[in-house]
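A short write-up of the structure that comes next.
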Amino acid sequence: MPIVKYPRTVEPLWNEWDRKAQKCGLRHTIYAVNRDRYTGEWLDNLKHGKGTQTWKSTGAIYNGDWKFGKRDGYGTYSIPDPVTKEYKKVYSGWWKNDKKCGYGIKFYSDLEYYEGEWSSGKRSGWGRMYYKDGSIYEGQWLEDQHSGQGMLRLTNENRYEGTWKDGKKHGLGKFFYLNKGQLFEGFWVADIPKCGTMIDFGREEAPTPTQYPIPKIELANPDDVLEEAQAMLDDSQE
């Protein structure tokens, strides 16, 4: 009876090379084609767990949590100073799907930074912004702009407390002119006060008070007049 010989099946070498190249668990530094490098944990060939990524083109470094190839969890992003070459922290906080999300602190310069909530890489929620001119905003944000209730304190201690929209005073609010001892309370539209009342407030303690106090309003029903003016303004906005 004839013996049939079948050719021996030989597995291609690239199959073995591919198995060895699979990245899972803690690995040493892996270099990309563009010379970016990553040191840390992997899962199914994706950065997953704790790890450090360095971008060759900018020198920026991210050190923190990863999830399926994206920054996700807590991490710090730093860039080198163009002069000293020392690394400066730009953002430290929470990430989701490769974007800032949750609580975090971002440094725009040595004198300007934001601490608060983020969503999809933008300031959204509650937060406090320290500006380089010395003014401070504390309150609600939406897509990188003041939106909702918030307070802006200027360097001369004057401040606005009230409603904001698209980064501007909009709605009911109070502006304290502490440098001259006055208070304006009323309705704002796109940073412009449209109607309200101005009264003396802390005039005796003000550093540069007005020459004369504000005279008393002699209208029989000043509140009714203000309500009517605001109603007319609301009608004009519709």
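Values as computed for the structure displayed
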{"quantity": "Simple Cβ-charge dipole of segment 29-78, Lys/Arg +1 and Asp/Glu -1, about Cα centre, in debye nearest 20", "calculated": "140 debye"}
{"quantity": "When segment 99-194 is reduced to its Cα atoms, the Kirkwood hydrodynamic radius in Å", "calculated": "13.7 Å"}
{"quantity": "Segment 28-129: C-alpha gyration tensor shape, a/c 1.5 cut-off, then a/b vs b/c", "calculated": "oblate"}
{"quantity": "Dipole moment magnitude, nearest 20 debye, segment 53-114 about Cα centre, only Lys, Arg, Asp, Glu C-beta charged", "calculated": "260 debye"}
{"quantity": "Chain lengthening between I214 and Q230 when straightened (0.36 nm per residue, less Cα-Cα)", "calculated": "3.6 nm"}
{"quantity": "Alpha-carbon centroids, segment 59-131 and segment 136-166: separation in whole Å", "calculated": "22 Å"}
{"quantity": "Gain in span if fully extended, K174 to D133, counting 0.36 nm per residue against the direct Cα distance", "calculated": "12.6 nm"}
{"quantity": "Computed E for K50/K99 - FRET, C-beta separation, R0 30 angstrom, nearest 0.05", "calculated": "0.95"}
{"quantity": "Virtual spin-label span in nm between A206 and S119, 7 Å along Cα→Cβ", "calculated": "3.9 nm"}
{"quantity": "Residues with amide H under 5 Å from that of R71, placed H, sequence gap 5 or more", "calculated": "D98"}
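Quick note: the coordinates plus some simple rules give every number you see, no bench work behind them. None of the values given here were measured: they were computed from a predicted structure. Every residue, glycine as well, gets a Cβ built from its backbone with ideal geometry; the counts of neighbours run over all protein chains shown.
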